[in-house]
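The values are calculated or read from the model by the stated rules, or taken from the named source; none is laboratory data. Computed from a prediction, not measured in an experiment: that's the story for all the values here. Note that we place each Cβ from the backbone using ideal geometry, even for glycine, and neighbour counts take in every protein chain shown.
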């Protein structure tokens with residue numbers, strides 16, 4: 001029905017011209033005193049023949065509409081299935097469309113090339129910057145003072161920001177950087193906790209953790225990155241008390257006793273660049289960490305939740321319910 005209305009709308013001028021010509025013949029016949037029935041008879045015959053032609057034309061129009069709907073589904077890939085142009089105007093439109101298609105492909109190729117060059121540069125930069133970071137860490141390990149521990153914490157934060165840069169670039173990459181296997185979740189948790197062990201000691205925060213005994217199908221590198229981001233936020237906004245890591249069923253919870261999140265900010269903490277009230281107070285928050293966590297966990301097929309009460313702490317939950325993931 002939609003195609004019929006569209007067809008009638010396209011052919012309304014043809015119907016108007018036919019009626020105009022019929023009116024001209026009727027007036028002339030009337031002025032010359034000729035019987036009007038002759039005009040009506042001729043108009044009836046023309047209407048019948050016109051209906052036959054319009055029916056055939058409509059069927060051709062409907063077939064072309066179906067073809068164009070199919071082309072619409074693959075317009076970003078190819079233009080090979082465009083209908084054959086019947087009129088000069090259609091041919092011109094198809095030539096314009098082909099030109100735009102070529103320009104789009106050229107822009108995509110240029111964008112992909114520039115992105116690849118940027119990826120290569122930042123990948124090299126990340127590996128280069130890790131060398132002086134590791135060297136400074138080794139130097140600081142020679143002495144155990146409050147000053148050296150503070151510097152090592154800042155180095156750890158720099159390393160975290162470097163990893164975030166690489167994560168942002170790799171998330172938008174066309175290539176897959178995931179190795180999906182079955183892992184012991186406790187091994188991944190220990191990797192993340194070990195990285196921030198010195199900060200727990202420095203800030204005198206208690207870590208409450210007992211092995212969760214869960215096997216998960218995931219990517220080790222990306223999930224450890226998520227756990228590190230969550231622990232980093234917990235340490236950042238917890239001045240005293242504890243951070244607890246526990247599991248209920250297949251849901252991992254990381255709970256802190258920090259400053260919490262304002263109720264109006266809680267629904268938006270996973271948005272890119274959103275820092276909320278705490279971030280505005282801190283001035284150093286980027287609003288990228290939890291956004292990256294959400295993006296990564298969505299790709300891994302894990303659900304991500306947050307519960308918080310201002311002044312009483314925050315609980316981050318990751319649901320590892322079984323997904324249809326291919327184990328490599």
Residues of region 194-209 classified as in contact with a strand residue (DSSP E or B) (Cβ under 7 Å, 6 or more places away or on another chain) and not in a strand (DSSP E or B), total: 2
Filtered residue count, region 21-39, keeping only those that are in contact (Cβ under 8 Å) with a residue 12 or more places away in the chain and more than 60 Å from the chain's Cα centre (by Cα): 3
Which listed residue is under 17 Å from residue 309 (Cβ atoms), modelled with pLDDT under 85, in contact with a helix residue (DSSP H, G or I) (Cβ under 9 Å, 6 or more places away or on another chain) and crowded, with 18+ Cβ neighbours inside 10 Å, from 254, 269, 288, 259: 269
Pairs where the first residue, in region 185-203, is assigned by TED's automatic domain parsing to the domain that holds residue 239 and the second is modelled with pLDDT under 85 and surrounded by fewer than 17 Cβ atoms within 10 Å (Cβ to Cβ), C-beta under 6 Å, 6+ apart: 199/153; 202/149
Restricting region 146-187 to residues that are at pLDDT 80 or above and outside any helix (DSSP H, G or I), the residue that is farthest from the chain's Cα centre (by Cα): 184
Qualifying residue in region 239-247 (condition: outside any strand (DSSP E or B), in contact with a strand residue (DSSP E or B) (Cβ under 6 Å, 6 or more places away or on another chain), buried (at least 16 other Cβ atoms within 10 Å of the Cβ) and modelled with pLDDT of 85 or more): no
